[in-house]
Amino acid sequence: MIPITRVQFGIEEEELVLEVLRSGSIAQGPKVKQLEDEFAATFGLDHVIAVNNGTTALVGALEVLDLHPGDEVLTTPFTFVATLNAILEAGATATFADIRDEDFNLDPASVRERITTRTKVLAPVHLYGQMADMQPIEALAHDHGLRILEDAAQSHGATYHGRPAGSYGLGTFSLYATKNLTTGEGGLIVTDDAELADRLRVLRNQGMRARYEYEVAGHNYRLTDLQAAVGIPQLARYASIVQTRRRNAARLTEGLADAPGIVVPRELSGREHVWHQYTIRVTEEARVDRAEFVEQLTEHGIGSGAYYPRLVTDYDAYRRHPRVSVADTPVAARVAREVVSLPVHHHLADDELDAIISAVREISGASR
Ligand SMILES: *Cc1c(COP(=O)(O)O)cnc(C)c1O
C-alpha cells in the first residue's frame, strides 16, 4: 500500500531530541525560541510565537483581536473543523463565504457579498498548500476596516506574489504529525505587530508577564523543547522537502492531465504551492463516482483521502449552534463531493508515482 502520508525523520532529529533529553530541560526553553527564530528567518516573517497546536494558535490569534459577543469571523466552510472550532472557542460568530474550485479557497467576490456590519475578521484558509487570492481579500479588509487571520496550517512557506503565508497581519500554522513540517503536535502564530506578539507570548503562558504577575486570564499553550527539537532540523531541509513535493506534483499532473472526468490541481499564477495535498476532482463526467474511485484506488494499493468529504456547515453539531451562521455555498458543496487527495509526500519513490498514475488512468478509463 502506498500511504497518503509517510512520517519519517533523519539522524538530525534523533540527535537533537537526545540532546534535549539529556539536558534535563524539556519544557519550553531555548529550543522553542530557536524554532521560532529560524521559522521567522526561513520564511521572512516578523514575530513567531510557538504554541502547543494549530487550533490553539487560531484561538490565541483571535483572542488578541479583542472580539466582542456577536462579532463575526468570515471564513470558508471547506476546511478542517479546527478553523470553526477555534472561532467558536474564541467566543465569536462564524459566517461563511463560498470558494472557487480552481484553488479550493475563499472566493473574494463571495466574501464581498457576505461582509456585514458585524464582520470583524476575514479568515482565509490556505488549503492544501496554496494561498488564497490575497490581493482582493486584503483590499476588502482595508475598505471595511477588518483584520485578516490566515489559517496557514497546511501552507508553511507558500507565497502569493512573493509574500509569504502569514504575512497579512496575523497567521497560524500547524505542526501536527502529517503536516509539511511537524513536531507531532504543535503550532505557530505569526504577526507583523510587535504589540500583538508580546500579548501572545503572555497569553500562552497563563497570562503571566513575570513570575506570578498575571496580566490577563491566559492559557497553557506552551510547546516543549522536546517537540521543537523534532522541528528544527526539518526547517533546515524544508526547501528540499518542498522541491520534492513540487516535483512529485508536476509528475502526477503530467501523467493525469488527460484523464477523462478528472480535474487535476493547478498552481495559479503568482503563487508558490507547497503541495501539502495533491487534490484531484472526480467530476460528474468521470466514469465512476468518488466512492467507487476511492474503492478502486484502494484495490490498486493506493492510499488516498477525501479532505474534506463534507462542509463544516453540514454537521448537525454546527447547524444547531447559535453562533454558526450557515450560508449557501454551492461551489464548496460540489467540491466537497468531488475531491480526492493522492499521495504527493516527499518520501515517494519514482515507481510509486508511476503506480499512482497508472492506477488513476486505468480507473478513469484514460487511453494507454
Ligand atoms: C491541521 C489544521 C488545523 C489544526 O491544527 P492542529 O495542529 O491539528 O490543531 C487547522 N486548520 C487547518 C486547515 C488544518 O489543516
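The values are calculated or read from the model by the stated rules, or taken from the named source; none is laboratory data. Please read these numbers as outputs of a predicted model, since none were measured by experiment. Cβ placement follows ideal geometry from the backbone for every residue including glycine, while neighbour counts extend to all protein chains displayed. Just so you know, the surface numbers come from the protein's heavy atoms only, side chains and all, with ligands and any DNA or RNA stripped out. Shrake-Rupley method; radii C 1.70, N 1.55, O 1.52, S 1.80 Å.
The figures follow:
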quantity	calculated
Among beta bridges that DSSP assigns inside region 40-170, antiparallel share in %, nearest 5	20 percent
Protein accessible area in the chain, 1.4 Å probe - carbon and sulfur %	49 percent
Two-site FRET efficiency, Ala250 against Leu18, from Cβ-Cβ distance with R₀ of 56 Å, rounded to 0.05	0.90
Calculated from backbone phi, Karplus (6.51, -1.76, 1.60) coupling profile of region 309-314 in Hz, x at Gly/Pro	x, 9, 6, 5, 7, 9
Length-normalised contact order of the chain in % [C-alpha pairs under 8 Å, at least 6 apart]	23 percent
J(HN,Hα) series, region 185-192, from Karplus relation 6.51 cos²θ - 1.76 cosθ + 1.60, nearest Hz, glycine and proline x	10, x, x, 9, 10, 10, 7, 9
Solvent accessible area, Å² - Glu113, 1.4 Å probe, full protein context	140 Å²
Cβ crowding within 10 Å averaged over residues, with 52-59, 203-210 ranked highest first	52-59, 203-210
Sequence-distant aspartates and glutamates (8 or more away, or on other chains) whose Cα lies within less than 16 Å of Lys31	Glu12, Glu13, Glu14, Glu15, Glu19, Glu185, Asp225
Accessible area (Å², per residue) of the chain, counting only protein heavy atoms and a probe of 1.4 Å	42 Å²
Solvent accessible area, Å² - Ser167, 1.4 Å probe, full protein context	30 Å²
Antiparallel content of DSSP bridges confined to the chain, in %, to 5	55 percent
Loop-located GluC sites (Glu not before Pro) in region 136-227 whose Cβ has at most 11 other Cβ within 10 Å (DSSP)	Glu213
Efficiency of FRET between Glu213 and Glu89 - r from beta-carbon atoms, R0 30 angstrom, step 0.05	0.70
Accessible area, probe 1.4 Å, largest first, for residues Thr116, Thr79	Thr116, Thr79
Point-to-point label distance, Ser25-Glu284, nm (Cα→Cβ direction, 7 Å offset)	6.2 nm
Antiparallel DSSP beta bridges within region 157-226, as percent of all bridges there, nearest 5	90 percent
